[in-house]
Structure formats: C-alpha cells, structure tokens
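Any read-out appearing in this document is the output of simple, stated calculations on the displayed coordinates, not a laboratory observation. Nothing here was measured: the structure is a model prediction, and the numbers come from that model. Glycine gets a Cβ as well: all are built from the backbone with ideal geometry, and neighbour counts include every protein chain shown.
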Amino acid sequence: MPRKKKPVIEYRHYSLPINFPVLLLSGERWKISDIKSEHLHFHNHLEIGICYSDSGIMEIKGESVPFKAGDVTFIPRYLPHTTYSSPNTASLWSYIFFSPEELFQHSFKSAYSNFEPNLWVVKGMNCILNKEQHPKVYTLATSIVEELKQQNPYYQESAYGLLLSLYIELLRIHSRNELLADQETELSLKSDFVISPVLEYITKNYMNPITMDFLADLCHLSTTHFRRKFHEIMGTSPLDFLNSTRIEEACKQLKSTEDSILSISEQVGFHSISSFNRCFSRLMGKPPKEWRKGAQSEAQSAKASILEFTGWV
C-alpha cells in the first residue's frame, strides 16, 4: 500500500513598515480562487482577514471550516492553514498583519506576558467569526482597513486605537474558547507542529546566544531529530532561520537609525562583523553599507520577504 503523501507547508515571511508596523493587503489582487492548494502555509505575524464576497473553506489544524462574506478570520502566527473559494467563485479579501507584542507592548499592563492566544488550544472553527454573531469584530476590522487605505490625517492614531479595541475583543473571545479546549486537541497539534516553541523563542530572543541543544530541548527532541524535523517543516536549517530573523531586524535598524553597522550587528546577535557582513550579503544581495544607502532613500514600505521557506510537515 503506497504511503500517504505528506502535505506541503510554506512559511511566508512579511516585513512590516517601520514607522507604523501594520501591513495591509487589499484590492482586486486579493481574490482567492476555487482551486484547493496542496500547500498549507503560516506567517511570522498574526493575520486578520475580512471576507467581502462569496464563500469557501479554510483548512485549519486539520479542520475544514466554511466561511462566507462578512466573516472575519483570526489566525495566530505559526498556525498552518489554507483557503479556497466555493466552486466557480473567487472570494474577495483584505488582510491585516501585525505583531501584537510589538504594537501593543506599551498599552498592556506588565502582567500580560502572552499577547497571543495559546496556539495549541485554538480550534479552527473558532478562527472564523461571522458578522451576525460578532458585529463589533466586523465593524472594527473593516474600519481599520478603511483607515489604512484612505490615510487621512491622524490615520495611524485612529488605526492604532481601532486595532487595540479589535485585538482585545478577539482575546476575550479566544479566552472563553480556551476554557473549552481539551487535552487531546492540544496534544494532536503539538505532534503535528512540534517546532512552534522554537519559532516563538527565536522571534523573541534572536539577539541572545542560542544553541541547537537548547532549541531541541524546547521541542523535547534530540538535537539530531530536531535538526531533521525543523528542516522537513521549514525547508531550511534552524541556524539559517535564526540568521534570517537577525538580518530582518538589522534591516529595520539600518533604515531607521544612524547606529554603526558594527553596533547593529551586535544588537541583533552577531559576534563578529565579518559573519554579519557575509550573512547579510547572502540574504539581501549586497553588503549592509550599500543596502543602507538605497533603503534610506526609499519611502518606507513593507516588502515580503527576506526568505520564503518551503518544506514538508
């Protein structure tokens, strides 16, 4: 009997604008076809989607969940999913990407250490919120999209306030749902996406010394098994993923500060300027000094991506 083909998973990496770290993807380009992708994907930022037309299916954590016009989707970072429309339709969407921890760290009290729902207990069916049951969520989400599109005076301040209100509402909804999650669901996702603790850790601690043995321990795997599993899922090594995260942060500093390249390389976790220059040139196509000149002369905008990894899960 032939072995069941493993699904493909893609990591989609988005860089956020420096001056206001919220990325909006909208317009006619963002129509979802009715062809079911063989690839699941996940992001390095939280994704909020608004469906404006038609209907279809989202696959989240092995669940096939229907959506329709008026629904708002809420996908924590690192949660594999895919979307496809009903036959002979192409649903129209807008997407908002941001990092709650980065955006709201000064708005929440220090007692809040976790800014996103527990990935292990999020159920797919709870990631889609319909307009009828959650009118406040829909109103806030669509208002944010309009602010970011129109960019009227003080739009960033307005969008920030709306985003904070929306995010608190979403946290309340998922907090109630977490109480209903069972241990079996939690264990099931952990076995399917075992490297998620490492992705979370690197995102928050990329600037610190990190060993492969430590990362393997986070996943309760041997170092050899961890390296192999990580490469299967991400299509790259743990060290390359760590370095790409460091280089992205270095790009932010090169654009927004006058700090020396040596200082920036140390801030993001490199211990020698030569290894930083070598890694930067490999990922960005030019040395940091040359890249900085071009970047600072351009308007600040979000570009995806430094790297896109494709692997097997």
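Data for the structure
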read-out: Calculated from backbone phi, Karplus (6.51, -1.76, 1.60) coupling profile of region 200-206 in Hz, x at Gly/Pro; value: 4, 5, 5, 4, 9, 10, 4
read-out: Sites Glu232 and Met125, calculated FRET efficiency, Cβ-Cβ separation with R0 25 Å, nearest 0.05; value: 0.35
read-out: Calculated FRET value between Asp34 and Arg176, using beta carbons and R₀ = 30 Å, to 0.05; value: 0.35
read-out: Computed E for Thr203/Thr89 - FRET, C-beta separation, R0 35 angstrom, nearest 0.05; value: 0.45
read-out: Alpha-carbon Rg with Dmax, taken over region 1-85, Å; value: 14.3, 55
